[in-house]
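What follows is one structure encoded as structure tokens, with my remarks underneath.
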Amino acid sequence: MRTSLLILPLAGLLAQAPAFAQDMRDVPDPAAIQIPDLSGGRDPAVVSNGWKYFYYWRADTSFAEALSDFTECYRFMPVANASPGVPTFAPWDDKPATEVVTRGFQPYGLVGAVIGEIVAGPLVRRAHQSRLRRCMEPRGYQRYPLQERRWEQLTDNFSQASIAMQAKAASGPAPDGLPLPEDR
């Protein structure tokens, strides 16, 4: 009986091995990925905005490791036009308890819609960054300040291409500035 209990988890791992091997073959070539210039981390204006515009870096990290970490952390990013709530119960064989809520009806009129869009930009950016911080910092990555325009190029509106660009930055050469404090 005990032998069968040990064999079942091992069989499950072996069944997943081809899927893992497939994922590792899909790793893009880091030489083909273009990222913006990451210098300027000592400029006081850039450092003062480092709490908003930053990138991650970790010593002795390969591109494949960083890509894996970013890919996993991007799973927790907010979805556009979706309800921010997390379902409390999701049955295995039925629809989730929460459904996607899209913007279509604006109860506050045109002025409310305009004000909402002005406020939404920084809120969405902050939601993305805070979730990414909660996932990347416990893995040992440190944040380094970056100019706003270069940060926009690197994150690419948090698209799929930005995962590879950020992984290349995180596994690249040591940054020229000091890491940002964790309290901000």
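What follows is calculated from the coordinates using simple rules that are stated; it is not laboratory data. Note that this is a predicted model, so its numbers are computed, not measured. Positions of Cβ are backbone-derived with ideal geometry, glycine not excepted, and every protein chain shown enters the neighbour counts.
General observations
- The residues packed around residue 168, meaning those with a beta-carbon under 14 Å from its beta-carbon, carry a net charge of -3 if Lys and Arg are +1 and Asp and Glu are -1.
- Net charge contributed by nearby residues that have their C-beta within less than 13 Å of residue 136 (K/R +1, D/E -1): +2
- Mean Cβ neighbour count within 10 Å, used as a protection proxy, ranking 124-132, 49-57 highest first: 49-57, 124-132
- Computed from the C-beta positions of residue 124 and residue 65, the FRET efficiency with R₀ = 30 Å rounds to 0.60.
- Label-to-label distance, residue 32 versus residue 117, with points set 7 angstrom from Cα along the beta-carbon direction: 3.7 nm.
- Formal net charge of residues neighbouring residue 177 (Cβ-Cβ distance under 10 Å; K, R +1; D, E -1): -1
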